[in-house]
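The values are calculated or read from the model by the stated rules, or taken from the named source; none is laboratory data. This structure is a prediction, so every number in the text was calculated from the model and none was measured. Ideal geometry is used to build each Cβ from the backbone, glycine not excepted, and the neighbour counts take in all protein chains shown. Only protein heavy atoms, including side chains, enter the accessible area calculation; ligands, DNA and RNA are left aside. Shrake-Rupley method; radii C 1.70, N 1.55, O 1.52, S 1.80 Å.
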Amino acid sequence: MAKRIFITGIWHETNTFAATQTGLEDFHAYQYAEGDDLFAAFADTNTEIGGAMNAAIELDLNLVPGLFAGAVPSGMIKAEAFKALLERTLELLADAGEIDGVLIHLHGAAVVEGVPEADAVFLANIRQKLNPGTPLVVTFDLHANLSDDLVAVADALVGYDTYPHNDMGARGGEAAQILHRMLWSTKRPAKILRKLPFAPPPQVQGTDAAPVAEIMAKMHDMETWGGIWSASIAWGFPYSDVAHLGVGVLVQGDDHAHVTRVADDLALTIWHQRGEFDAGLVDVEDAVRSAMSAPKGPIILVDVADNAGGGAPADGTTILAELLDQDATNAVVVIQDPDAVRNAKALGLDGMFSGNVGGKSDDLHGPPVPLVGSIIFQEHVRYQRRGDYMTGQQIDLGEVAGIQAGGVTVMLTEAQAMPFDADHLAAAGIAAELQQIIVVKSAIAWQAHFQEFAKGEIYVDTPGVCASNLTRFEYKNLDRAIYPIDEDGVWPPK
Ligand SMILES: [Zn+2]
């Protein structure tokens, strides 16, 4: 008879510097499904659950649905939200009956009020309810801040190998394969986690570029060695101010001593190259000037600090203000501002908009900017992601208003979304490839959609909760020196 596998998960990348808190409603607004709806929501998607579903068919596993709750990366998760999700998960587990194995999809950088290691606590609560020996396999995001507690509770863990993330389905499948391997055996892999005192900003964690690409290639080579089950590098999310912040190297395999050597080798390789993780930021005035004078567009101005995919509000105005100041032409910026959208809606299509936009969520991303222009677009925008990043995901931008202010097109959105893709612009009638300047509020994820036609990119030194310059932040919970927040850390530990 097919083995019964309980599949569940919570996913949140918590930016503890963000001004907002994340409540239960934020999970329901972004991704929430339980029971059979879970399969309906994720079938044929490039997600961990979609990948696990495909693998389950091949491996003849009977998946039993728990829930999956994901919220857009944002501020600290409210204690009551975490409690509710955990309790509901445990209820579904209790209702699931006899279970032979468990697959859990986590982020690895979730922080709850009073619970700095939320992922580990979630996992430990599930483990407690299982019969001894029940295999439990976890997937985690490349931005996880892995901790010893998290690794200890799982039998095996599989992390994304790509950033921009496009291997979620493959990793979900890999997790199911590893689980399958443990279902008829008491053998569990030896696991070694090496935590480095190193926290590079996401902007320099791209897996297609130096120095990470070569390190990942080395890791993939090691994964083919005999006795190694799986290796992952969690590059960390530096905007979670937690003691377990930092890069984690995780290697799993048959033999403890062998796994230890492989993990130490990889960890040392990364440590020796830490100086090469350079964000190369450009001052906003120079960035706009060079983008305007570039012979061919589009030039991508990357507003990393206002990365909506990392917990920033996506209403930062620093680059918009500079574009207006320098009378840029053929430039487009997306700004989340429900107030301004409402005002535009009242005026109607072709009306003349005049008002402050952006900079309203907090005082960390530039002040509201006065904007005058004609209303060229007005609609409720929903679309499905087509690129290989989170393919198939349904995006709802809410009401959207396009304002033409001289040569600058400002796309105002009601909902906060992650404006990574050209579909986002196309949905509002903007042809991305015809622009001279496109502002993206993203660290790396934009590359999956824009790099094929972009003629250049400039990472702009803007203020905000996802700034690549980590010395802008005041960390309170680190218990050791971490490079580059501090001058240097120590590795290996004495
Ligand atoms: Zn990530």
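Which aspartates and glutamates, on any chain, are close to Lys187 with Cα under 14 Å apart, when same-chain ones fewer than 8 places away are left out?
Leaving aside aspartates and glutamates fewer than 8 places away in the same chain, those within reach of Lys187 are Asp155, Asp254, Asp255.
Which entries in the list Lys345/Lys455; Lys345/Lys441; Lys3/Lys129; Lys360/Lys441; Lys78/Lys441 go over 27 Å, if you measure between the two C-alpha atoms of each?
Lys345/Lys455
Post the alpha-carbon centroid distance, segment 410-473 to segment 52-80, in whole angstrom.
Centre-to-centre distance over Cα atoms comes out at 28 Å.
Which residue, chosen from Ala257, Ala41, Thr20, occupies the Cα position most advanced towards the positive end of the dipole of the chain, where the dipole is computed from +1 (Lys, Arg) and -1 (Asp, Glu) charges on Cβ about the Cα centre?
Positive-most Cα among the choices belongs to Ala257.
Eigenvalues of the Cα gyration tensor times 5, then square-rooted: what semi-axes does that give for segment 286-340, in whole angstrom, largest first?
Working through the eigenvalues yields semi-axes of 22, 13, 9 Å.
For the chain, what mean projected area does the convex hull of the alpha carbons give, in nm²?
Averaged projected area of the chain's Cα convex hull equals 22.0 nm².
Kirkwood-based Rg over Rh for segment 3-276 (C-alpha set), two decimals?
Reported Rg/Rh, Kirkwood definition of Rh: 0.94.
Give the Kirkwood hydrodynamic radius (Å, one decimal) of segment 388-494, defined as one over the mean of 1/r across all pairs of different Cα atoms.
One over the average 1/r among Cα pairs gives 17.0 Å for segment 388-494.
Going toward the positive end of the dipole of segment 300-405, with +1 on Lys and Arg Cβ and -1 on Asp and Glu Cβ, which of Leu301, Leu320, Gln336 do you reach last?
Result: Gln336.
For the chain, which whole-number percentage of the solvent-accessible area (1.4 Å probe, protein heavy atoms only) is attributable to carbon and sulfur atoms?
49
Length gain on complete extension for the stretch Lys345 to Ala43, per 0.36 nm per residue less the alpha carbon to alpha carbon distance?
Stretched out fully, the Lys345 to Ala43 stretch lengthens by 105.1 nm.
For n ≥ 4 DSSP H runs only, could you compute -39500 (n - 2.57) per run for the chain, divide by its residues and tell me the 222 nm figure to the nearest 500?
It lands at -8500 deg cm²/dmol.
Tell me, what is the per residue accessible area of segment 3-276 in Å², probe radius 1.4 Å?
For segment 3-276, the solvent-accessible area averages 34 Å² per residue.
Across the Cα atoms of segment 203-331, what radius of gyration and what greatest pairwise Cα-Cα distance (Dmax) are found, in Å?
Computed over the Cα atoms of segment 203-331, radius of gyration and Dmax are 20.0, 63 Å.
Could you tell me which residue out of Ile126, Ala445, Ala346 lies farthest along the dipole of the chain toward its positive end? Charges go on the beta carbon: Lys and Arg +1, Asp and Glu -1, centred on the Cα centre.
After comparing all options, I get Ile126.
If we sort 310-321, 345-356 on the protection proxy, mean other Cβ atoms within 10 Å, highest first, what's the order?
310-321, 345-356
So, by mean Cβ neighbours within 10 angstrom, what's the order for 445-454, 257-266, 126-135 with the highest one leading?
445-454, 257-266, 126-135
About the Cα centre of the chain, what is the dipole size in debye to 20, counting +1 per Lys and Arg Cβ and -1 per Asp and Glu Cβ, all else neutral?
740
In whole angstrom, how long is each semi-axis of the equivalent ellipsoid of segment 179-261, when you take the square root of 5 times every eigenvalue of its Cα gyration tensor and sort them from largest down?
Whole-Å semi-axes of the equivalent ellipsoid: 26, 16, 11.
Work out how much length Arg188 to Glu452 would gain on full extension: take 0.36 nm times their residue separation and subtract the Cα-Cα distance, in nm to one decimal.
Extra length available between Arg188 and Glu452 comes to 90.7 nm.
Straight-line reach only, C-alpha to C-alpha below 20 angstrom: list the lysines that Lys218 could link to, leaving out same-chain residues fewer than 8 apart.
Within reach: Lys191, Lys195.
Given the Cα-Cα distance of Glu113 and His220 and 0.36 nm per residue of separation, how much length would full extension add, in nm?
Contour length minus the Cα-Cα distance gives 34.9 nm.
Hey, with R₀ at 22 Å, roughly what FRET efficiency would Ala481 and Glu276 work out to, going by the Cβ-Cβ distance, to 0.05?
Using R0 = 22 Å, I get an efficiency of 0.70.
Rounded to the nearest 20 debye, what is the charge dipole size of segment 284-468 about its Cα centre when +1 sits on each Lys and Arg Cβ and -1 on each Asp and Glu Cβ?
Its charge dipole is roughly 340 debye.
Calculate I(q)/I(0) for segment 284-468 by the Debye formula, one identical point scatterer on each C-alpha and no solvent, and give its log10 at q = 0.10 Å⁻¹ to two decimals.
-0.33
Work out the length of the dipole vector of segment 365-471 about its Cα centre, built from +1 on the beta-carbon of each Lys and Arg and -1 on the beta-carbon of each Asp and Glu, and round it to the nearest 20 debye.
It comes to approximately 80 debye.
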